1. Which of the residues that make up region 183-209 are of a type in the set (Val, Ile, Thr) and in contact (Cβ under 8 Å) with a residue 24 or more places away in the chain?
2. Going through region 323-346 one residue at a time, which ones are surrounded by 13 or more Cβ atoms within 10 Å (Cβ to Cβ), not polar (S, T, N, Q) and not in a helix (DSSP H, G or I)?
3. Go through Pro150, Pro209 for me and flag whichever is at pLDDT 90 or above and surrounded by fewer than 16 Cβ atoms within 10 Å (Cβ to Cβ).
4. What tally of residues in region 250-274 results from selecting those that are within 19 Å of Val353 (Cα to Cα) and either assigned to a loop (DSSP other than H, G, I, E, B) or assigned by TED's automatic domain parsing to the domain that holds Arg95 (or both)?
5. What is the residue count in region 46-79 for residues that are farther than 23 Å from Ala215 by Cβ and surrounded by fewer than 18 Cβ atoms within 10 Å (Cβ to Cβ)?
6. Run down Leu123, Leu102 and say which single residue is buried (at least 22 other Cβ atoms within 10 Å of the Cβ), hydrophobic (A, V, I, L, M, F, W, C) and in a strand (DSSP E or B).
7. Working carefully through the options Gly521, Gly517, Gly533, find the one that is modelled with pLDDT under 90 and either more than 28 Å from Ile394 (Cα to Cα) or in contact with a strand residue (DSSP E or B) (Cβ under 8 Å, 6 or more places away or on another chain) (or both).
8. Against the condition assigned to a loop (DSSP other than H, G, I, E, B) and buried (at least 22 other Cβ atoms within 10 Å of the Cβ), how does Val180 come out, does it pass?
Amino acid sequence: MHSWTDTLRFAFQPVVNLRTSTVAALETLARPETGDVLAEARRDPELDARLTVLALRAATRTKTLLPLHLNVFAATLADLGGLTPLHDAVRAAGRLPWEVTLDIVPPYTHVPQRALLEAVTTLRAQGFRISADGVGEGDVPLRLLTDLSPDLVKLDASLLTRPAAVRAMRTLCEQLGALVAVEGVETELQCAAAVSAGAQLAQGELLAPAARIPAADVYVPSGSGGSVAAAPRSGPSVREFVRPAAVLPATASAGQVRALLTGSPDVSGVLLVDQAGAPLRSVHRSRFLLSMSGRYGHALYADRPAFKLGDAPRTVGVDATAWEVLDVVAVGGRDRTSDDVAVVDRHGRCVGVVRLADLVRALAESRVEEAAGLNPLTRLPGSQAITDEADRRIADGRPFALSWLDIDHFKQVNDGAGFAAGDELIRSVGRALQEAVPGHARVGHIGGDDFLVLADEEALDALVAAVLDAPWSAGGRPVTLSLATVVCAPGSVADHRQAAAHLAPLKKAAKALDGAGWVLGRAGLPGHEVRRGSGTAPARAGYAAAEPGG
């Protein structure tokens with residue numbers, strides 16, 4: 001009698017990184033030739049668990065080094081309390097649990113949520129990564145989605161016709177520390193929409209169809225990676241550039257590393273990890289093979305621990321930015337600038353690597369776009385860079401202070417001292433703003449004598465000391481400045497437009513003061529405080545006016 005497993009085959013579909021146009025992982029999909037095993041698995045948790053193990057073994061037979069995605073029904077996890085057979089199978093296959101992402105598949109209706117969350121907690125403790133699948137077409141409750149706190153959320157491509165929903169999900173995922181993937185991408189228009197909405201990963205027939213033999217190449221439409229909005233100095237997240245890591249146990253021999261490298265020409269290096277998955281040593285492809293190919297190299301090193309031929313790994317956390325990765329790369333000798341940087345989770349386990357070339361390309365594109373918006377007089381960015389950063393802080397739930405500054409009676413400065421003196425004064429103010437709190441503020445020149453500054457509230461005193469308390473002049477004539485600040489606590493504004501609306505009356509109040517003036521208000525609270533200057537700007541209810549100059 002034939003078993004249903006005799007007619008069961010598996011196909012593999014790449015999960016594609018839209019930033020780097022490379023394969024980030026392989027999803028293993030059951031393809032029964034007869035019957036409907038998947039419908040039976042939906043009703044039978046034991047059968048579903050067995051399918052997951054078979055999918056792992058099928059992927060193992062392809063000898064792929066890529067991370068794997070395996071599907072499992074939500075009801076299966078809730079009923080079984082985890083997947084102990086899968087954990088054992090992963091170890092037996094020589095893979096590591098954190099190389100496996102479990103795509104939790106709907107339906108969720110009637111699934112005991114507490115039991116599901118407990119099962120996910122168990123799987124996470126074992127090292128598995130978690131993905132919420134079918135979001136948009138499935139029935140996962142939003143509350144359950146946040147409680148699951150997945151590493152990845154897979155959206156149905158039908159949501160791409162509703163870009164606001166995708167962007168909202170991207171914002172939620174940023175809060176959860178998750179990536180966004182779009183499934184079912186079939187057209188270039190869909191791919192462009194996925195990138196525009198902020199998705200980092202995608203799957204679909206356009207990129208690479210599911211096939212019995214894993215695809216070596218994928219298609220990402222030209223320009224897709226470059227259409228991602230330019231990021232501010234804080235930089236794009238390293239999560240967007242993570243590639244699969246080639247890992248071996250720290251006990252691996254040099255011969256084992258050589259076999260991996262020679263059999264996988266796309267692998268630029270190997271990470272040697274401990275039993276918990278933490279990187280202990282980094283083996284660079286070129287330097288290692290050079291050592292092995294030298295005279296007596298193979299005889300000397302083949303059976304020796306590869307650990308002795310590696311270097312201390314360079315690591316960054318999954319929450320790092322691209323700029324922080326560059327800081328890590330800059331430390332040490334020049335011969336290591338091409339080394340992969342290991343990305344580790346909060347447990348110190350390796351979740352992948354990033355390559356310097358990917359970061360430099362993306363950051364260069366970001367800088368080109370930012371340069372196009374620089375003010376030709378001060379070489380400072382315009383308002384877009386500031387408002388983008390404000391929106392990012394609002395989405396992250398971080399407080400900030402948004403300030404507007406201008407030169408008092410600037411037309412009289414130009415008329416009396418000449419436009420050249422006026423231009424030099426504007427340049428000097430711009431430099432003073434930049435130098436006041438380096439690394440702690442973003443300064444924008446929005447035209448004429450107007451500037452925008454986004455900073456932490458703690459940086460305001462240094463900012464004020466540098467620009468309001470300093471003597472200014474043009475053509476030998478004294479000049480004063482006016483500053484208005486709105487402090488935005490988490491939840492006090494929905495976007496930069498609301499912050500600007502709160503700032504507008506403060507600007508008017510600051511301009512009404514005599515001499516150098518500074519007015520500060522707080523979004524959502526009535527009134528404002530006069531912190532510098534005096535004159536006709538009364539403090540509204542809610543604040544007591546400060547003494548002039550205080």
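1. From region 183-209, those of a type in the set (Val, Ile, Thr) are 185, 187, 195; that's our starting set.
Matches in region 183-209: Val185, Val195.
2. Step one: of region 323-346, the residues surrounded by 13 or more Cβ atoms within 10 Å (Cβ to Cβ) are 323-326, 328-329, 332, 336, 338-345.
Next, only the ones that are not polar (S, T, N, Q) stay: 323-326, 328-329, 332, 336, 339-345.
Scanning region 323-346 gives Gly332, Asp339, Asp340, Val341, Ala342, Val343, Val344, Asp345.
3. On the way: Pro150 fails: surrounded by fewer than 16 Cβ atoms within 10 Å (Cβ to Cβ).
Testing whether each residue is at pLDDT 90 or above and surrounded by fewer than 16 Cβ atoms within 10 Å (Cβ to Cβ) leaves just Pro209.
4. 7
5. Taking region 46-79 as the starting set, the residues that turn out to be farther than 23 Å from Ala215 by Cβ are 46-50, 53, 72-79.
Subset that is surrounded by fewer than 18 Cβ atoms within 10 Å (Cβ to Cβ): 46-47, 50.
Result for region 46-79: 3.
6. Leu102
7. Values: Gly521 fails: modelled with pLDDT under 90; Gly517 fails: modelled with pLDDT under 90.
Going through Gly521, Gly517, Gly533 in turn, the sole match is Gly533.
8. Numbers: assigned to a loop (DSSP other than H, G, I, E, B): no; buried (at least 22 other Cβ atoms within 10 Å of the Cβ): yes.
Taking the combined requirement at face value, the residue does not satisfy it.
The values are calculated or read from the model by the stated rules, or taken from the named source; none is laboratory data. All values derive from a computational prediction rather than experimental measurement. Please note: Cβ atoms are built from the backbone with ideal geometry, for glycine as well, and neighbour counts cover all protein chains shown.
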